[in-house]
1. Taking 0.36 nm per residue of sequence separation and subtracting the Cα-Cα distance, how much length would be gained by fully extending the chain between Asn140 and Ala112, in nm to one decimal?
2. Where does the chain land at 222 nm, in deg cm²/dmol rounded to the nearest 500, when only DSSP H runs of n ≥ 4 count, each adding -39500 (n - 2.57), divided by all residues?
3. On full extension of the chain, what length is gained from Asn86 through Lys36, given 0.36 nm per residue of separation minus the C-alpha to C-alpha distance?
4. Would you mind checking which residues have amide H under 5 Å from Met97's amide H? H placed 1.01 Å from N; only 5 or more apart, or other chain.
5. Take peptides 114-122, 35-43, 6-14, 66-74 and line them up by average Cβ neighbours within 10 Å, highest first, as a rough protection proxy.
6. Sort all Cα-Cα distances of the chain into consecutive 10 angstrom bins from zero, then give the percent of pairs in each bin up to the one containing the longest distance.
7. Check the straight Cα-Cα distances from Lys77 and name the lysines below 29 Å, setting aside those fewer than 8 residues away within the same chain.
8. Pull out the extension gain between Leu130 and His18, defined as 0.36 nm times the separation in residues minus the alpha carbon to alpha carbon distance; nm, one decimal.
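Every number in this text was worked out from the coordinates using simple rules, so none of it is lab data. Here the structure is a predicted model, which is why all the values come from computation and not from measurement. All Cβ positions, even for glycine, are placed from backbone atoms using ideal geometry, and neighbour counts span all protein chains on display.
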Amino acid sequence: MKEIKLKQLVYVSNHAIHFSDDDLSQLMKKARTKNKRLNITGLLLSDNQHFLQVIEGPEISINELISDILADERHNKIDIIFNNENIFEREFSRWSMGYKILGKGLPDDYKALDNRLKDILSVAKPNGDLAHQLLIEFRNLKNSFLDI
Ligand SMILES: Cc1cc2nc3c(=O)[nH]c(=O)nc-3n(C[C@H](O)[C@H](O)[C@H](O)COP(=O)(O)O)c2cc1C
């Protein structure tokens with residue numbers, strides 16, 4: 001039997017519109033429904049100006065989703081900073097799409113990671129390996145930190 005190739009991408013982008021809480025919950029609702037259909041998992045973080053997102057799943061699904069995401073006019077300056085064409089196993093299998101706004105009501109022991117994530121979003125060309133590493137560190141925190 002042919003093995004399904006799993007691909008993982010991380011990108012950063014800038015908000016092109018103002019996202020209300022309602023916009024974000026609609027976006028996440030649709031994204032999670034579609035991601036379940038496409039067998040995609042991942043995590044989306046935002047500092048209210050930028051997005052940092054990891055998506056992972058079958059190559060064909062990731063190629064389909066990233067072309068939709070690249071064409072989405074709600075954000076711009078999209079930069080794919082980490083591209084792993086053949087991952088052995090999923091790293092974000094817990095979430096069809098986790099979502100967290102950085103810097104919102106966090107316990108003290110989380111703040112150092114939160115600041116490192118905000119720093120990486122504020123530079124012109126974020127380091128992809130570091131962004132991936134920080135996303136993994138976020139994943140290792142408790143589920144209850146998620147928004148929406
Ligand atoms: C920052 C950002 C992240 C997104 N993440 C996802 C996602 O994980 N899954 C998804 O289906 N759509 C996501 N979208 C929405 C897609 O860009 C696109 O609107 C959607 O996939 C279109 O789906 P449809 O044509 O099937 O209705 C995201 C949009 C933005 C702006």
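1. 8.7 nm
2. One gets -12000 deg cm²/dmol as the mean residue ellipticity at 222 nm.
3. Full extension from Asn86 to Lys36 adds 16.0 nm.
4. For Met97, the qualifying residues are Gly42.
5. Ranked by mean Cβ neighbours within 10 Å, highest first: 6-14, 35-43, 114-122, 66-74.
6. 11, 44, 37, 7, 1
7. Lys5, Lys7, Lys29, Lys30, Lys34, Lys36, Lys100, Lys104, Lys111, Lys118, Lys125
8. Computed gain between Leu130 and His18 is 37.6 nm.
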